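Visitor: Before I ask anything, here is the structure I am working with.
Only the coordinates and a few stated rules stand behind these numbers; no lab work does. Bear in mind that the values here come from a model prediction, so they are computed numbers and not experimental data. In this analysis, Cβ positions are derived from the backbone assuming ideal geometry, glycine residues included, and neighbour counts consider all displayed protein chains.
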Amino acid sequence: MTNRIYCLCMYPISSSLRLGALLIVGFTAVFYMTAPLLRTIGLRAFSMATEAYKSGTVSAAYVTCPDVTVAKQIARGLVERKLAACVNIIPKIISIYEWKGKMEEDDETLLMIKTRSSKVPALTEYVRSVHPYEVCEVISVPIEQGNAPYLTWVTDTVPE
């Protein structure tokens, strides 16, 4: 008695043909299940490879404020004057510092400001002109790496 396998149309098929068919079906299934993921990975890799960001062109600046009201006023002023592309307001931080020989502890609000590095001096002058503190904190750190489309948006939003 011969052991035969039949396809749907009832013709006998060889084991090598059957193996080939199974491989094709398997690869097709895997491809269709992973195609969206592969497409996403490919597009992201292409995007990162074609978008250039010059390290240090954008900076993150930090400013502490006495409360959210002052923080919003300064943030709006920075964005309206094109000194910043975006300002994040982080409420309820606690600052501990020494001021005029005395230990201080204050509730404050932090501004995290994204801008062109070349705009940090003008940003500092603006903050100093409107900030209620006698000596306000304005510090900045150049951004070495990050999401190139976001960093490009910052440089497109804040003119040179």
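Visitor: Spelling out what I want: for every residue of the stretch 81-98, take phi, set θ = phi - 60°, compute 6.51 cos²θ - 1.76 cosθ + 1.60 (Karplus), and round to whole Hz; glycine and proline get x.
Guide: 7, 6, 8, 8, 7, 8, 10, 8, 9, 10, x, 6, 9, 10, 10, 10, 7, 9
Visitor: Given points 7 Å out from each Cα along the Cα-Cβ axis, report the T69 to T57 separation in nanometres with one decimal.
Guide: Distance between the two pseudo-spin positions: 4.0 nm.
Visitor: Also: Can you list residues whose amide H is under 5 Å from C86's amide H, if they're 5+ apart or on another chain and H is modeled 1.01 Å from N?
Guide: K114
Visitor: While we're on this one: Mind listing the phi-derived Karplus ³J(HN,Hα) values for the stretch 138-150, rounded to whole Hz, using 6.51, -1.76 and 1.60 with θ = phi - 60°, and x for any glycine or proline?
Guide: 9, 10, 9, 10, x, 8, 7, 9, x, 6, 3, x, 5
Visitor: May I pose another question? Packing-wise, with mean Cβ within 10 Å as the measure, how do 106-118, 80-92, 52-64, 140-152 rank, highest first?
Guide: Working: 106-118: 18.6, 80-92: 15.5, 52-64: 17.1, 140-152: 13.7.
The most tightly packed comes first, giving 106-118, 52-64, 80-92, 140-152.
Visitor: Enumerate the residues in the stretch 100-134 having an amide nitrogen under 15 Å from the point lying 7 Å beyond the Cα of K92 toward its Cβ.
Guide: Only 107-110 pass the distance filter.
Visitor: Spelling out what I want: for every residue of the stretch 67-76, take phi, set θ = phi - 60°, compute 6.51 cos²θ - 1.76 cosθ + 1.60 (Karplus), and round to whole Hz; glycine and proline get x.
Guide: Rounded to whole hertz, the list is 6, 5, 4, 5, 4, 5, 4, 5, 4, 4.
Visitor: Still on this model: Please list, ordered by chain and number, the residues whose modelled amide H lies under 5 Å from the amide H of V58; skip anything fewer than 5 residues away on the same chain.
Guide: Hits under the 5 Å cutoff: S117, I143.
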